[in-house]
Amino acid sequence: MIILRVALDVPLPKLFDYRSEDATRADIGYRVLVPFGTKHRVGVIVDVAAKSEVADSRLRPVEKILRDVPPLSREWLALAKFCSDYYHRPLGEVVMSALPPRLRTAKAIPGSAVDYVLTPTGREALALMPERHKRLRALLGRLARSQASQPELEALARSARSLLKRAIESGWVASIDPPRPDVRFVQAHELTSEQQRAVDALCGGLEKFRASLLFGVTGSGKTEIYLQLIAEILERRRQVLVLVPEIALTPALERAFRGRFPGACIFVQTSAMAELERARGWLQAHRGRADIVLGTRLAVFTPLPRLGLVVVDEEQDASFKQREGVRYSARDLAVARARAAGVPVVLCSATPSLETFHHATSGKYELVQLTRRAIDRAALPAVRLIDTRAHPPSDGVAAPLLEALAACLARGEQSLVFLNRRGYAPVLACPACGWVKGCRRCSAHMVVHLAEQRLRCHHCGLAEGIPRACPECGEPDLQPFGRGTQRVEAALAEKLPRARILRVDSDAVRARGKLEDLLERAAHADVLVGTQLLAKGHHFERLTLAAVLNADSGLFSSDYRASERTFAQLQQVAGRSGRANLPGEVLIQTRYPDHPLYRSLANHDFTGFARSLLAERREAGFPPYVFEAALRAESGEIARALHFLESAVERAPQSRASLTVFDPAPMSLARLAEMERAQVLLQSRSRPRLQAFLREWSATLYRMPTHGVRWHLDVDPVEF
Ligand code: ADP
Ligand code: ZN
Ligand code: ZN
């Protein structure tokens, strides 16, 4: 009897043992269907052993090893193990959440055009097979001569289809892909000398692991540079993994990739895809057929047996961090994966995260810099600050901004008005008694959506009608306070009656179908009003004015990452302006025109800004100079969550050298969807010490009574 050690998606830090009569070590990495309680589950075989700690009588047999998908490789399992160890989540949770949803089930994946071959075990089996298995012998005999397609094999006998299925399950026959065309690379531009230098620098180290930061102003042609690198890697018949932050960005990028690499096998991996389509692409990557995999954070787990390069675009983007379940950073895993695979990784950004910037300036990463826009005439836009103390806004728009918008319109050019809030107004309040409408499920205000006559909570999604009167004092004239995109859109329509105004935010996408279509229409609008959805990565030829309405909200946050994020966001907005042949301008409304953040932005001086932030962080003891983790607890009652955290701290490992354990405290958004949330923050100057502490603590935590409290660890947290 053989023991299979199976990773299952169960919130316990262990593997589950099953027995099997005929499995071997070669079965490691296959998915397997096993009985679990009264049901069945799919897991992955991660080890094979002769003995189990579970008594023989209690060991259950596996239902079926799912050999239709080739086994996950040792490297892939090692990546999952690394993720499990580093983020302190059970291996089974990591492994199963890393698979596309379809492969978490035992459902077969309807075949695509493939040929079949006889495997070495199949050849042995055929040699020993008794004469009486005539049909099976005929099938294997046919494959012993040469590979064949499904229709060819089915022509051999009526039962050929089920015989083939059995032969595949026994590991005698394997599918292979038909030959494919050569990949070409289409050169689109003559590289600028700066770009050429960057390509040369990066191409100097393609054979082994090296992390590089490709740091270049928006429009400097970073994409062009990594396309050149990819061409080089494809030439060597290796695979490339490209991670992007936003699902919305993948269609445009995919189109660009297909245009530049005709003949290449390119697959997209995002959570928005149909299950089967995603599973098929994943399989093509796994079989080594895909040349390029382009995807959002979950794509970091795509198996790539010939991996030769990893690219992370907009590496600073917060969406690379998974916020639930296994809370991994895809950017960090991408680096770890490249290191393990011995291949280069290139992180791209105009405003790198301070962590990455620190690595790049301290010599841990290679720094490759671009200081100019790629298109000759596209100078960096001029940034102008509008002091709202001198020019009080009316309906959110100050007079100088309105003039600039009107002038832009008169020139027949396009402008973008950015603000970070969708909806009509962020708050509904009573002018008589000061009552404010909060979400009953969260510690947050509800946002007024006037067009639909609804209030919405942007945290939990709860929607309600707008009350007719104040529930506290009966005042009938409740008023929306503050400004969202809808309100600004309405105000601009009034002030610029001749302009074609288009709002682009996630509400508009939901109402109008696809972002693609909306962006298509956006190209023809005079004024775009939008959130960050519009700020990222889009290219509008005629856009020459970018305006920011409420940037100040990011200046004085309790979150130490707020100014880093604000800078990145403003730079991204600014980067939309003047990308082609027309000079661009950026206007920022602020009460603090002398704030260093705005000064650096106006001087296009990310480096200076980053250095001063790093100095502050060093002084205050924040990342990247310390490493952080959080233990979080969620419960219907805050007292329970805090109590759980207190007893967890009491039972924490005693060795706390170079470690700070803060007191349990409610999170800044303390209530979310009816759950009260609290956390204990940990800091250490030593990552290994922090990890050792977490390892020991997590073992204790799994043994603690929870009394209905849900808990998790978050390593390198980004929300507090
Ligand atoms: P980034 O990613 O750095 O913001 P992109 O790679 O999107 O910049 O390039 C910005 C624009 O410049 C794109 O329209 C791109 O086609 C163009 N571009 C890039 N490199 C060159 C070049 N060498 N010559 C002409 N145009 C270029
Ligand atoms: Zn009132
Ligand atoms: Zn809510």
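Bear in mind these aren't lab numbers, they're just calculated from the coordinates by the rules spelled out. Source: prediction; values computed, not measured. Note that each Cβ is placed from the backbone with ideal geometry, even for glycine, and that neighbours are counted across all protein chains shown.
In terms of surrounding Cβ atoms within a 10 Å radius of their Cβ, His643, His359, His40 rank from fewest to most as His40, His643, His359.
What is the Rg over Rh value, at two decimals, for the chain, using alpha-carbon atoms and the Kirkwood definition of Rh?
That ratio equals 1.00.
Take the Cα of Arg618, step 7 Å along the line toward its Cβ, and report every residue of region 347-379 whose backbone nitrogen sits under 20 Å from that point. Output list for this probe position: 352-367.
Cross-linked pairs Lys14/Lys364; Lys495/Lys536; Lys14/Lys321; Lys165/Lys514: Cα-Cα separations exceed 29 Å for Lys14/Lys364; Lys165/Lys514.
Rg and Dmax over the alpha-carbon atoms of region 129-197 stand at 22.3, 72 Å. Applying a DSSP loop filter and a limit of 13 other Cβ atoms within 10 Å to the GluC sites (Glu not before Pro) in region 49-140 leaves Glu53, Glu131. Each Lys and Arg Cβ is given +1 and each Asp and Glu Cβ -1; about its Cα centre, region 277-415 then shows a dipole of about 620 debye. Centroid-to-centroid, using Cα positions, region 327-341 and region 541-564 are 29 Å apart. Ranking of Leu4, Leu549, Leu690 by neighbouring Cβ atoms within 10 Å, starting from the fewest: Leu690, Leu549, Leu4. Amide H contacts under 5 Å for Phe481: Val427, Leu428, Ala429, restricted to partners 5 or more places along the chain or on a different chain, H placed in the peptide plane at 1.01 Å from N.
The three principal axes of the C-alpha atoms in region 276-379 carry coordinate ranges of 45, 33, 27 Å, sorted with the longest axis first.
The order of Thr607, Thr302, Thr371, going from fewest to most other C-beta atoms within 10 Å of their C-beta, is Thr371, Thr607, Thr302. In units of the compact-protein estimate 2.2 N^0.38 Å, region 502-609 shows a Cα radius of gyration of 1.13. Can you tell me the orientation of helix 193-203 relative to the chain, as the angle in degrees between its alpha-carbon axis and the longest Cα principal axis, to the nearest 10? Helix 193-203 sits at roughly 30 degrees to that axis. Farthest towards the positive end of the charge dipole of the chain, among the residues Met675, Ala378, Phe540, is the Cα of Met675, using unit charges on the Cβ of Lys, Arg, Asp and Glu. Principal semi-axes of the equivalent ellipsoid, √(5λ) from the alpha carbon gyration tensor of region 112-228, are 52, 16, 11 Å from largest down.
Whole number please: convex hull volume per residue, Cα atoms of region 1-107, in Å³. Write out the running numbers ahead of the final one.
Numbers: hull volume 10.8 nm³, N = 107.
It comes to 100 Å³ per residue, whole-number rounded.
Using R0 = 56 Å, the C-beta based FRET efficiency linking Glu207 and Arg521 works out to 0.75. Counting charges near Leu462 (Lys, Arg +1; Asp, Glu -1) among other residues having Cβ under 9 Å from its Cβ returns a value of +2. With K and R counted +1 and D and E -1, the other residues having a Cβ less than 9 Å from that of Ile109 yield a net charge of +2. Working note: 222 nm ellipticity from helices only, DSSP H runs with n ≥ 4, each -39,500 (n - 2.57), summed and divided by the residues of the chain, gives -9500 deg cm²/dmol to the nearest 500.
For region 252-337, report the % of Cα-Cα distances exceeding 22 Å.
For region 252-337, the share of Cα pairs beyond 22 Å comes to 25 percent.
Under a model in which nothing but the beta-carbon of Lys, Arg (+1) and Asp, Glu (-1) is charged, region 75-143 shows a dipole of about 440 debye around its Cα centre.
Scaled against 2.2 N^0.38 Å for its residue count N, the alpha carbon radius of gyration of region 70-135 is 1.70.
Expressed as a whole percent, the proportion of Cα-Cα pairs in region 547-676 lying more than 27 Å apart is 44%. Spacing of the modelled spin labels on Ala406 and Arg695, each 7 Å from Cα toward Cβ, amounts to 6.8 nm. For a paramagnetic label modelled on Arg384 (point 7 Å from Cα along Cα→Cβ), amide N atoms under 14 Å away belong, within region 580-597, to 583-590. A Cβ-based charge dipole, computed about the Cα centre of the chain with Lys and Arg at +1 and Asp and Glu at -1, lands at about 2080 debye.
Across region 322-441, Cα-Cα pairs farther apart than 26 Å form 59% of the total.
Modelled label positions at Arg687 and Leu450, each set 7 Å beyond Cα in the direction of Cβ, lie 5.0 nm from each other.
The length gained on full extension between Ala155 and Asn603, counted as 0.36 nm times the residue separation minus their Cα-Cα distance, comes to 154.0 nm.
Where the centre of each part is set by its Cα atoms, how far does region 580-657 sit from region 380-445, in angstrom? Using only Cα atoms to place each centre, the spacing works out to 25 Å. Separation of region 1-57 from region 243-264 is 39 Å, based on Cα centroids. Rounded to the nearest 10 degrees, the inclination of helix 222-235 to the longest alpha-carbon principal axis of the chain is 10 degrees.
Between 0 and 90 degrees, the angle of helix 74-87 with respect to the longest Cα principal axis of the chain falls at about 40 degrees.
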